[in-house]
Structure formats: C-alpha cells, structure tokens
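**Q** Take this structure, written in structure tokens, and hold onto it; I'll ask about it next.
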Amino acid sequence: MFKDKVVVITGGAQGIGKCIAREFETQGAHCCIIDAKPGGHFVGDISKKEVLEEFSADVIKQYGRVDYLINNAAPLMKGIEECSYEEFQYALAVGVSAPFYLAKLFRDHFAKGASIINISSSRDRMSQAQTESYTAAKGGIAALTHALAVSFSGRVRVNSISPGWIDTDFAEYEGPDAYQQPAGRVGNPMDIANMVMFLCSDKAGFITGENICIDGGMTKQMIYHGDEGWSLGR
C-alpha cells in the first residue's frame, strides 16, 4: 500500500517518530526525516524558518512530491513558574508554527490522496501543573488540524492523533500505572504508528479534520477522591 510513497516526518529519529518511520519503511516507503538529534537524516531545528525552507526544498528536489506529512516533533514542556517568554515562543514554534509552515511549503507538491497527520496529545484536553508550553502547543496543533482540513478540502486529508501515556522504550508496567488506564496497560509507539498508517491509507478516505485520542481510555475515566482506592494527597 505504501510502496514508493514519500513520507515526511518531523522528530523521526527517536521515540514515536522513529517507530512511524520504521513502519513506513517496512512497507517500502521513502522517509524524509528531520530531527535535532544527529544521524543519517536531515539535522535541524524546526523552530527556524530557514531550516524548514531548506529541508522542504531538499525533499522536493529529491522526490518532487509529498504523499504524507507527519508532524511529530515534540515541543518543550515547561510551566508558568519557570518557562520564559522565549521558551514559550520556542515551544509554539516547534509545535504549531513549524507544522503550519511545512504544510504551506508543501502545499503545491502534495500528491493525489495525500494526508497530513499532526501528533497532538491528550494534554490538549487535560493538564498537569507546570506544563503550559507543551499543553498550549498541543492544543494549538489540534485546532490547526481542522483549519487545515477545511483549507485543503478535496486535496489533502488532515487529521490529528492525541496520544496518552506512551512509553517510547516499550516498557511494560504493572499495578496502578497500568490499571489507571481502562485498557489495563501503558501505551507504546506502535499504538500510535498503527493509527498513523490507517489514517494515511485509503481505508480512512472519508476521515478528515478529526482528532483521535489514543490513551487507553485514561481521559474517559472519572476519578473521585476515595473512590476505587484513589486518593488525592496534598
């Protein structure tokens, strides 16, 4: 299904992005990865406009088109007590501005049947204290998704995925860490990669502008102090 497709993945050298790239490559796709981590891919800081322009030009020069754009790179997570103005702006640049600008740069080069998948987070709808920069960026990309879906109507499908607790080392958890998710376990990168592959496939041809939360049901479970053994310690 994905043989010879051209896939652009931000943050594709590690974690969830690396797993997504591996799955596409296994099916014969060409993956164009940009990551700040050194390696055999395009190395760069996607918060910088000139880096995005250089990277996109390199992809177009090499392949002439883009079939799938996966905006996966993770923004900085800092809270209101420690996060500076500059750090907050950096988080938004990585998490919202870069996905927008890449969509704009590839606008005239998306192939027929193309898809954009934005990786948001379940933090786009719930929060821990001191996570403002990350949470704002993830909320922004979730909203950007349906705006792009309408603007690209009839040309490119645009969807987002909101992962919950994903252990990128595929560690298995027992006890409360596991059963606080109704699915009974912590997630792993394949849980997200599988949905990316589905949303990029023809099987998802009638899905656009949608956000899919993959969190083992964690955001759906109501928790009250003293209920089911839960206790709020303060």
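Since every read-out is calculated from the coordinates, none of them should be taken as a lab result. If you're wondering where the values come from, they're calculated on a predicted model, not measured in any experiment. Quick reminder, even Gly has a Cβ in these numbers, built from the backbone with ideal geometry, and neighbours come from all protein chains shown.
**Q** Given 0.36 nm per residue, what is the gain on full extension from Asp58 to Lys203 after removing their alpha carbon distance, in nm? Don't jump to the answer; show the numbers that get you there.
**A** On the way: separation 145, 0.36 × 145 = 52.20 nm, distance 3.03 nm.
Value of the extension gain: 49.2 nm.
**Q** I need the shape label for segment 56-213. Rule: rounded when a/c is under 1.5, else prolate if a/b > b/c, else oblate, with a, b, c from the alpha carbon gyration tensor. Numbers along the way, then the final one.
**A** Working: a/c = 2.06, a/b = 1.32, b/c = 1.55.
In terms of gyration-tensor shape, oblate.
**Q** Additional query: Please identify the GluC sites (Glu not before Pro) of segment 1-86 that satisfy two criteria: DSSP loop assignment and at most 14 other Cβ atoms within 10 Å. Which are they? Don't jump to the answer; show the numbers that get you there.
**A** Values: sites: Glu23, Glu25, Glu50, Glu53, Glu54, Glu81, Glu82, Glu86; in loops: Glu81, Glu82.
Filter output for segment 1-86: Glu81, Glu82.
**Q** Run the quick spin-label model on His225 and Arg22: label points 7 Å from Cα toward the beta carbon, then report their separation in nm to one decimal.
**A** Each label point lies 7 Å from its Cα, and together they span 4.3 nm.
**Q** List the lysines whose Cα lies under 30 Å from the Cα of Lys48, skipping any in the same chain that are fewer than 8 positions away.
**A** Straight-line reach from Lys48, under 30 Å: Lys5, Lys18, Lys37, Lys61, Lys78, Lys104, Lys112, Lys138.
**Q** Hey, what angle do you get for helix 15-26 against the long axis of the chain, alpha-carbon based, 0 to 90 degrees rounded to 10?
**A** 50 degrees
**Q** Let me ask another. Mean residue ellipticity at 222 nm from the helices of the chain, using -39,500 (n - 2.57) per DSSP H segment of n ≥ 4 over the full residue count, to the nearest 500 deg cm²/dmol? It would help to have the intermediate numbers written out before the result.
**A** Working: 7 runs with 79 residues, N = 234.
Taking each H run of at least 4 residues, the total per residue is -10500 deg cm²/dmol.
**Q** While we're looking at this one, here's another question. Between helix 189-200 and the chain, what is the angle of the helix's C-alpha long axis to the longest principal axis, kept within 0 to 90° and rounded to the nearest 10?
**A** 50 degrees
**Q** Pairing the Cα long axis of helix 132-151 with the longest principal axis of the chain, what angle in degrees results, from 0 to 90 and rounded to the nearest 10?
**A** Long axis of 132-151 versus the principal axis of the chain: about 50 degrees.
**Q** Run the dipole for the chain about the Cα centre, Lys and Arg Cβ at +1, Asp and Glu Cβ at -1, nothing else charged, and hand back the magnitude in debye, nearest 20.
**A** Numbers: 22 positive and 28 negative charges, 181 e Å.
That gives a dipole near 860 debye.
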